[in-house]
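Have a look at the structure below, then the notes.
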Amino acid sequence: MKTRQLYTTLLGNYNKDRYRFEFKSAGTRNNALKLLERSGFDYDLVEDLTGYVVQLPKSSKYAQILKNSLP
C-alpha cells in the first residue's frame, strides 16, 4: 500500500486537535497496526501518556507553542 493511500485509510482515526491517532476499539487499532507493519512502517503504541505530558502555566514563555499539543 502506498503512503498516501495508507494515510487516507487511517485519516478517519486522526484527531487533528490532539495531533494523534485515536481508535475507538482494540480491533480498529489492531487493523491499523497491521496495515502499518505490512507497509514497512515502525510505530510506537502509547497507551499511558505520563512520560509524554508537559504542563505549563498559561503565562509561561512556551505556553503558546504547546497550546494545541495535549489538553
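FYI, it's all coordinate maths here, none of it is from the lab. Since the model is a prediction, treat every value here as computed from it, not as a measurement. Cβ atoms come from the backbone with ideal geometry, glycine included; neighbour counts cover every protein chain shown.
Using just its DSSP H runs of length 4 or more, each adding -39500 (n - 2.57), the chain gives a mean residue ellipticity at 222 nm of -9000 deg cm²/dmol after division by all residues. In order along region 34-41, the Karplus-derived 3J(HN,Hα) couplings, from 6.51 cos²θ - 1.76 cosθ + 1.60 at θ = phi - 60°, round to 5, 4, 4, 4, 5, 8, x, 8 Hz, and Gly and Pro are given as x.
How much net charge surrounds residue 51 when only other residues with a Cβ under 15 Å from its Cβ are counted (Lys, Arg +1; Asp, Glu -1)?
On the way: positive: 20; negative: 44, 47, 48.
So the environment of residue 51 carries a net charge of -2.
Each residue of region 14-31 was assigned a 3J(HN,Hα) from its phi angle through the Karplus curve 6.51 cos²θ - 1.76 cosθ + 1.60 (θ = phi - 60°); the sequence is 8, 9, 5, 6, 10, 6, 7, 8, 10, 10, 6, 9, 5, x, 5, 5, 5, 5 Hz, with glycine and proline shown as x.
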